[in-house]
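What follows is one structure encoded as structure tokens, with my remarks underneath.
Derivation of every value follows stated rules applied to the coordinates shown; laboratory data play no part. As the structure is a prediction and not an experimental result, all values here were calculated from the model. Cβ coordinates were reconstructed from backbone atoms using ideal geometry, including for glycine residues, and neighbour counts include every protein chain displayed.
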Amino acid sequence: MAMTTSDRIRKLVTDNEIVVFMKGDPTQPKCGFSAGVVKVLDALGRPYLGVDVLEDPFLREGIKEYSDWPTLPQLYVNGEFVGGCDIVREMYTSGELQAMFADASA
């Protein structure tokens with residue numbers, strides 16, 4: 001039986017500590033907002049999975065339904081939706097994003 005888009009998303013976000021659903025990939029983001037999240041994640045220095053939603057229209061729409069969040073990129077940490085570009089930048093600036101990983105490794 002084939003996996004539904006929702007099942008695929010759930011598997012990606014639970015099998016990987018950090019996942020960003022984005023336009024393009026981490027080495028070549030295809031929008032400024034995706035590039036902004038990649039810059040923050042690269043600064044954290046932790047491995048993460050970048051998922052290019054432009055390659056799959058079902059995934060592109062499905063992630064918006066899954067999170068109930070209308071825009072991309074979308075960041076997930078430990079299976080939980082964190083937010084989009086502005087939220088990720090604010091959390092990084094305040095130190096809140098770094099604290100999520102300090103707690104996880106403690």
Please list, ordered by residue number, the helices (runs of 4 or more DSSP H) wholly in the chain having 2 or more residues that are of a type in the set (Gly, Ala, Ser) and in contact (Cβ under 8 Å) with a residue 24 or more places away in the chain. 32-44
Condition (residue is aromatic (Phe, Trp, Tyr), buried (at least 18 other Cβ atoms within 10 Å of the Cβ) and in contact with a Gly (Cβ under 9 Å, 6 or more places away or on another chain)) applied to region 23-33: is it met by at least one residue? yes
